[in-house]
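What follows is a set of notes on a single structure, which appears directly below.
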Number of protein chains: 6
Amino acid sequence: MENNKRYESGLRAMEEFFSKEVRAGMEEIKKISPDLWEMIVSFGFGDLYSRNTLSHVQREIITLTALITQGAFDQLKVHLQAALNVGLSKEEIIEIIIHCVGYVGFPKAVQAMGIAGEIFKETE
Amino acid sequence: MENNKRYESGLRAMEEFFSKEVRAGMEEIKKISPDLWEMIVSFGFGDLYSRNTLSHVQREIITLTALITQGAFDQLKVHLQAALNVGLSKEEIIEIIIHCVGYVGFPKAVQAMGIAGEIFKETE
Amino acid sequence: MENNKRYESGLRAMEEFFSKEVRAGMEEIKKISPDLWEMIVSFGFGDLYSRNTLSHVQREIITLTALITQGAFDQLKVHLQAALNVGLSKEEIIEIIIHCVGYVGFPKAVQAMGIAGEIFKETE
Amino acid sequence: MENNKRYESGLRAMEEFFSKEVRAGMEEIKKISPDLWEMIVSFGFGDLYSRNTLSHVQREIITLTALITQGAFDQLKVHLQAALNVGLSKEEIIEIIIHCVGYVGFPKAVQAMGIAGEIFKETE
Amino acid sequence: MENNKRYESGLRAMEEFFSKEVRAGMEEIKKISPDLWEMIVSFGFGDLYSRNTLSHVQREIITLTALITQGAFDQLKVHLQAALNVGLSKEEIIEIIIHCVGYVGFPKAVQAMGIAGEIFKETE
Amino acid sequence: MENNKRYESGLRAMEEFFSKEVRAGMEEIKKISPDLWEMIVSFGFGDLYSRNTLSHVQREIITLTALITQGAFDQLKVHLQAALNVGLSKEEIIEIIIHCVGYVGFPKAVQAMGIAGEIFKETE
């Protein structure tokens, strides 16, 4: 696969996960570093999210968990929206956060739940 | 629900995830702290793993990701076995680890993959 | 112990650590996930904080340290207030943060000290 | 205070926390980096552990929690011994680890408890 | 070396890394804890930054990487300014963040790049 | 750039950092997941390490710091060897670890220094 195909396949994957507005927001990073943007699209979404074997829903379960575990709450917002976009229900997202309590403790789970509450309100 | 019901429901959940040998190994912690053991069973498995909304497979995806992200490689082994027990294929486990590359970087993903390789060999 | 006793004992423990206002703020999470709220009260405070062997002061030393070490600065605020409520002095809280420098480095210690400064001002 | 006083005061603090054998083991680092050794003694123990306001027991509660939270299990061993040396009982150490469950999750707490079990056996 | 020499040498090092405004901001911590301030200056800058063997530029590469890896984005701002002050170019800072993608994953790298973008704008 | 060029450029970069033996060891991961191996080579070394703007020495300073900060001591060994291969001296490596004390605390710095001592002995 040539590199421009990786980029194109990354863009297509991003369309399946994120709204037009969110993608426009993510693209802001291009102004600071076009190369980081290219890696996000070609490697992050072209190489990783475009793979088979796991469903979109399963990939978002992994992503949400990795973000909550490392306390990356800034990125959690867009992936909570992505999780809803690919078909996870609010109940399932709440359940993912609850399961995390046993693995990462209450502080990160509670903070994640607060952010989920905000996103749920915005998307109502 | 009374507390002994939480404990019993936790034990039943553990039977669905772990082999008899693994459960015997986990129970070793009871000799040091019976109270921590009680919490693992009643809260960890009775309250968390016994809930609905997510499947066993989805719960192990969350667990594996949380362990890889925090570098808890000691516990990763028993949950790789649990993941196989509840129906995740080797290909899917490998894919979970690969997806993690983008979220936690290569060092933890590579170490997780090495451990997965050992578990796959043992279970052949 | 029945489950509603765990919940009641959790509520009583929370009254000893947090002001009425703080508890009202924490209860906001109930609107998003009543189940997570139940776990915070019954497991977090009923099972963990209600135990003996360690004093309230010792439990807050552990909590503050765990929060600082993982950079969970959002939750640090309410537990700095709790620490003052159960009898830790400002000097002791400052000393906990200073001791942490050797174990977690300056960045997290400095950020924690800044937050402590804000809480001290509010409670004057 | 002159610098050689900081070093001497650090050595004295170390004698209160660690056995002769443990201190000899720690001193091995001097062969690789005498400067790091000097900092451990003068800053770590001379500046931090020699301070007032907190008791030796309280300092070890902080240290154990910081080590468990960051998964620094290698250093946990010597500080479990130190904790016993300055007067924490096995029951209190177990209780510290149990309290951590709510803040760092089961994986790190369980690993810490296993190590505590080993240290308790060695010191019987 | 006497202690007041460590402090003076720390102050001199800080002048080489930070603007007068930034140093005034950092000094705010002195109001909450003069002792933590003394450690930042004497140990952080007097003992660590004043050492030889590595250049100022190399020290900031380490510092930026340690801050990004642990998600200490609050402190990242002043060290991005310091990095520019000691001679790292914007291109080199961007490159440090890009290299981190492989070691800490996209979420922290993307957040760091956003902050770098803000600092670059302010310093134009 | 086509994908096979990314892979080739990654292999060439790896030759500059790692000995034949180390590369053979790393390639073991290919047996478990050829796709992860492809990503390590093409993205990790082809896309990241093959870039300009930073020297090989600067890249290893970043890598060592990221590994120490996250406690990824398994991977630290091969990158300590790589650091020596691309021209960092033992004194400089020791200095990197010492600088980290202020940013990540003593536990991780001490563990890193112990591992560095082992690698230095092996390479004498």
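Annotations
- Test: residue in region E:31-38 that is assigned to a helix (DSSP H, G or I), touching a Lys or Arg at 6+ places or on another chain (Cβ under 7 Å) and either facing chain F (nearest Cβ under 10 Å) or closer than 28 Å to C:Gly71 by Cα (or both): yes
- Residues located in region E:107-121, provided they are within 16 Å of B:Tyr103 (Cβ to Cβ) and open to solvent by 20 Å² or more (accessible area, probe 1.4 Å): E:Lys108, E:Val110, E:Gln111
- Candidates D:Gly71, D:Gly44 - the one that is small (Gly, Ala, Ser) and either at the interface with chain C (Cβ under 7 Å from one of its Cβ atoms) or part of a helix (DSSP H, G or I) (or both): D:Gly44
So that you can scan it fast, the table gives a plain yes or no per residue for (1) in contact (Cβ under 8 Å) with a residue 12 or more places away in the chain; (2) of a type in the set (A, V, I, L, M); (3) closer than 25 Å to C:Arg12 by Cα:
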site	(1), (2), (3)
C:Leu36	no, yes, yes
C:Val41	yes, yes, yes
C:Phe45	yes, no, yes
C:Thr53	no, no, yes
C:His79	yes, no, yes
C:Ala83	yes, yes, yes
C:Gly87	yes, no, yes
C:Glu95	no, no, no
C:Ile119	yes, yes, yes
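- Output for region D:1-17, where each listed residue is under 20 Å from D:Leu84 (Cα atoms) and surrounded by 17 or more Cβ atoms within 10 Å (Cβ to Cβ): D:Gly10, D:Ala13, D:Met14, D:Phe17
- Lone qualifier among F:Glu95, F:Glu124, F:Glu60 - being outside the structural domain of F:Ala24 (by TED's automatic domain parsing) and open to solvent by 40 Å² or more (accessible area, probe 1.4 Å): F:Glu124
- All conditions but one from (1) in contact with a Pro (Cβ under 7 Å, 6 or more places away or on another chain); (2) of a type in the set (A, V, I, L, M); (3) in the same structural domain as E:Met14 (by TED's automatic domain parsing) apply to E:Ala72; the one that does not is (3).
- The condition of being modelled with pLDDT of 95 or more, more than 8 Å from chain F (Cβ to nearest Cβ) and touching a Cys at 6+ places or on another chain (Cβ under 6 Å) holds for only one of E:Ala82, E:Ala116, E:Ala109, that being E:Ala109.
- Of all the listed residues (B:Lys77, B:Lys20, B:Lys30), the sole one being in the same structural domain as B:Met113 (by TED's automatic domain parsing) and open to solvent by 30 Å² or more (accessible area, probe 1.4 Å) is B:Lys77.
- Residue in region A:85-105 that is assigned to a helix (DSSP H, G or I), more than 25 Å from D:Val110 (Cα to Cα), away from chain B (no Cβ under 14 Å) and not hydrophobic (A, V, I, L, M, F, W, C) present: yes
The values are calculated or read from the model by the stated rules, or taken from the named source; none is laboratory data. Please read all numbers here as calculations on a predicted model, not as lab measurements. Note that each Cβ is placed from the backbone with ideal geometry, even for glycine, and that neighbours are counted across all protein chains shown. Note: areas computed on protein heavy atoms with side chains; ligands, DNA, RNA excluded. Shrake-Rupley method; radii C 1.70, N 1.55, O 1.52, S 1.80 Å.
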